[in-house]
Amino acid sequence: MISTTPFPIPVAPRDHEEWVRLLIRQHGVVSRRQLLLHGFTPAAIRANVRAGRWTHVHDGVYAVFTGVLSSNARRAAAVLAKWPAALSHDTAGEIWNFRKPDPERPVHVTVSYAASGAPRAGLVVHRSRAFAYTVVEGLDQPVVAASHTAVDLAVAEPTARHAMATMLHCLTVSSLRPEAVRASIDLRRPRRYRDALLGALGYAADGVRSKLEAIYALEVEEAHGLPRGERQLPVEVDGVTRYEDIAYRVGAEVVIVRLDGHRYHADRATGLVDRRRDLAAELAGRGRIVFGFEETAADPCERAREVAAVLRRRGWTGALRACERCWSL
């Protein structure tokens, strides 16, 4: 087998083709046990490290090259260092696209609750009673499933509101389905933020589809006690079914809140659809408010007051409450 790897592949005394496949899968990082299984002696391991051909990464874990380890090699080394283990939390979040990659971030792994949780340099170790039921096999390295990773990241947040935001973020940036997360919550029964997590799943099931919609749901609506709007309201525009982001029903009247992510999909066709939706709303007598990303994210408290003012003119008698951000201003 000819190697096309970015690192040199030393010749193994036994089953060289299997050895090459192992190194490729583990990005050039191996455990002492794997080295012995492939015919390397303890003396050969020491000699390669002392000669500077190999790098000692963790106790019993080596890279068969020198220099800086890639992110994938660091992850493989972390799993081998705490084996049996799986990538989890922020590291699994990078794999499932819940987190942006950060080479400065330590590698997070989860092990069985019966295993040692002692950390190692560059590693954060978590223990889980549900370890055997949460791991996805078949990737380069074992990794905690996306639904369980979303729960882990949300439960690690400092407040229930942050937990809801993190859960909604995971749901809106991926194909993760609310029912899969609900199954993970039922299996794991997290002690923290259970109600908040279920609330986030409720918003996702109701139709929260984007980061802007999540910000509006949590920071404008939920935080200030606005009534919970109807998401993804179908309306007919020029014979085609379109969907409005949020609809508030006050008696016989309907107020539409449209969240305009214009900077992400600005084009003439979208602009025409929005104008036709405006006309359809006017002809149907529906009030409408349009918010963009910038003003919603920058001042959700003011957006809540504006929505409340419009709803009150149509007969809403609810009380708007101040959120933590309001009190800090």
Given the stretch 54-125, what percent of its DSSP beta bridges are antiparallel, to the nearest 5? 60
From the P(r) of the stretch 158-252, could you give the percentage of C-alpha pairs in the tail past 18 Å? 49
Per DSSP, loop trypsin sites (Lys or Arg not before Pro) in the stretch 79-136 with at most 12 further Cβ within 10 Å: R129
Which cross-chain or sequence-distant (5 or more) residues have an amide H under 5 Å from the amide H of V237, H modelled 1.01 Å from N in plane? R242
Using a Förster radius of 22 Å, what is the FRET efficiency between E236 and D206 based on their Cβ-Cβ separation? Nearest 0.05, please. 0.55
Check H126: other-chain or 5+ apart residues with amide H under 5 Å from its amide H, H built from backbone geometry? V109, T110, V111
Evaluate the Kirkwood expression for the hydrodynamic radius of the stretch 1-94, namely the inverse of the mean inverse distance over all pairs of different C-alpha atoms, and round to one decimal in Å. 13.6
Under-5 Å amide H pairs with V143, H placed in peptide plane, nonlocal only: L87, V136
Using +1 on the beta carbon of Lys and Arg, -1 on that of Asp and Glu, and nothing else charged, what's the dipole of the stretch 205-261 about the Cα centre, debye to 20? 100
Tell me, in nm to one decimal, what length is gained between E179 and A44 on full extension, where the rule is 0.36 nm per residue of separation less the Cα-Cα distance? 43.4 nm
With r defined as the distance between the Cβ atoms of R325 and A115 and R0 fixed at 51 Å, what FRET efficiency is calculated, to the nearest 0.05? 0.80
Kindly work out what percent of the DSSP beta bridges joining two residues of the chain are antiparallel, to the nearest 5. 65
When the Karplus curve 6.51 cos²θ - 1.76 cosθ + 1.60 is applied with θ = phi - 60°, which whole-Hz ³J(HN,Hα) does each residue of the stretch 86-103 get, with x for Gly and Pro? 9, 5, 8, 6, 4, 5, 5, x, 5, 5, 8, 6, 8, 10, 6, x, 9, x
Just want to confirm a number: the relative contact order over the chain, from Cα pairs under 8 angstrom separated by 6+ residues, in percent. 10
Over all pairs of distinct alpha carbons, what does the Kirkwood formula give as the hydrodynamic radius of the stretch 16-67, in Å? 11.0
Convert each backbone phi in the stretch 185-200 into a coupling constant with the Karplus relation 6.51 cos²θ - 1.76 cosθ + 1.60 (shift: θ = phi - 60°), then list the ³J(HN,Hα) values in order as whole Hz, x for Gly and Pro. 5, 5, 6, 7, 6, x, 6, 9, 6, 4, 5, 5, 5, 5, x, 5
Inter-part gap, Cα centre of the stretch 5-60 to Cα centre of the stretch 226-262, in whole angstrom, is 60
Equivalent ellipsoid, the stretch 82-205 (semi-axes from 5 times Cα gyration tensor eigenvalues, Å): 23, 15, 14
If you bin every alpha carbon distance in the chain into 20 Å steps from zero, what whole percent lands in each bin? 26, 42, 24, 8, 0
From fewest to most C-beta neighbours within 10 Å, the residues V144, V310 line up as V310, V144
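Every number here is computed from the coordinates shown, using simple stated rules; none is lab data. This structure is a prediction, so every number in the text was calculated from the model and none was measured. Note that we place each Cβ from the backbone using ideal geometry, even for glycine, and neighbour counts take in every protein chain shown.
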